[in-house]
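Read-outs: derived from the displayed coordinates by stated rules, not from any lab. No experiment lies behind these values; they were computed from the predicted model shown. Positions of Cβ are generated from backbone atoms using ideal geometry, with glycine treated the same way; all protein chains shown enter the neighbour counts.
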């Protein structure tokens with residue numbers, strides 16, 4: 001018995017099988033990666049009829065958030081710019097429309113209860129439509145970004161309510177990417193007429209359709225008046241962030257009054273308060289941040 005040898009062929013067979021499995025897995029992953037990085041192309045690229053069909057699909061499924069003409073809405077960014085936040089290639093745009101963007105208000109295709117679920121061809125038609133309305137030349141800076149930054153954090157006092165890259169207030173929308181997702185005209189309107197189109201709620205970005213900003217005014221049992229925005233609310237209680245970034249929680253039945261309005265907390269900055277040149281400089285600062 002001591003002279004018997006255990007055959008090692010099965011060991012070599014298993015080792016060979018594992019090597020083949022690893023090689024096959026590598027080839028699958030490499031092929032998928034290669035397709036995604038360069039070979040996955042829009043079959044309707046440059047097709048005007050497909051772009052027209054894509055416009056129809058866009059109106060049904062996308063315009064609610066991104067606006068007619070893809071120029072941006074209350075919830076979604078402007079998609080006519082050449083640089084897009086979640087990828088600029090046709091394949092990346094297809095992926096964004098198809099699978100959504102986790103952690104944002106952008107849902108996967110057919111999951112949000114709005115419009116209809118689209119086929120791959122219909123999504124490609126939307127990509128063709130977005131290419132057809134894309135602004136060909138990047139917008140030139142409209143002002144002095146360095147001076148705009150100084151205004152944002154100092155004289156104009158924007159940072160008391162708004163944040164850029166983690167620095168600033170919380171009560172207003174985060175403006176870190178606003179320069180790449182809104183056109184200059186829309187940014188000017190949001191400063192001159194802030195109640196015209198209120199932004200989405202600051203703590204609801206992971207919901208499919210974020211709540212919109214509402215100004216809340218309460219008077220406590222002790223007579224204190226507090227204004228701010230609603231963070232959370234149910235039938236019995238409300239959580240409010242005030243203009244100093246302080247959070248308050250109230251039982252509604254203990255309040256003297258509780259009122260909501262669709263008027264923005266942000267004051268309207270007319271030309272006497274913020275002249276056109278300074279406003280353009282602030283917008284130039286937004287654009288410089290988005291371009292990084």
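Extension gain for residue 92 to residue 236 (0.36 nm times residue separation, less C-alpha to C-alpha distance): 47.4 nm.
FRET efficiency for the residue 217 to residue 183 pair, using the beta carbon distance and R₀ = 35 Å, is estimated at 0.60. Ranked for footprinting exposure by Cβ neighbours inside 10 Å, fewest first, 177, 235 give 235, 177. Considering only alpha-carbon pairs that sit under 8 angstrom and 6 or more positions apart, the relative contact order computed for region 48-133 is 40 percent. Legend: calculated FRET efficiency, residue 193 to residue 259, from the Cβ-Cβ distance at R0 = 22 Å, rounded to 0.05, equals 0.50.
For region 215-261, with equal point scatterers placed on the C-alpha atoms only and solvent neglected, what are the log10 I(q)/I(0) values from the Debye formula at q = 0.16, 0.26 1/Å, to two decimals? Taking Cα atoms of region 215-261 as identical point scatterers yields -0.34, -0.96.
Sorting the segments 255-261, 216-222, 118-124, 53-59 by their mean number of nearby beta carbons within 10 angstrom, highest to lowest, gives 53-59, 118-124, 216-222, 255-261.
Given their separation in residues at 0.36 nm each and the Cα-Cα distance between them, residue 45 and residue 101 gain 17.8 nm when the chain is fully extended. Under 1.5 on a/c is rounded, so check that first for region 48-133, then, if it is not, pick prolate when a/b is larger than b/c and oblate when it is not; a ≥ b ≥ c are the square roots of the alpha carbon gyration tensor eigenvalues. The shape class here is rounded.
Sequence-distant contacts, meaning Cα pairs under 8 Å at least 6 residues apart, place the relative contact order of region 215-261 at 41 percent.
Taking packing as the residue-averaged number of other Cβ atoms within 10 angstrom, the listed peptides 270-281, 164-175 run from highest to lowest as 164-175, 270-281.
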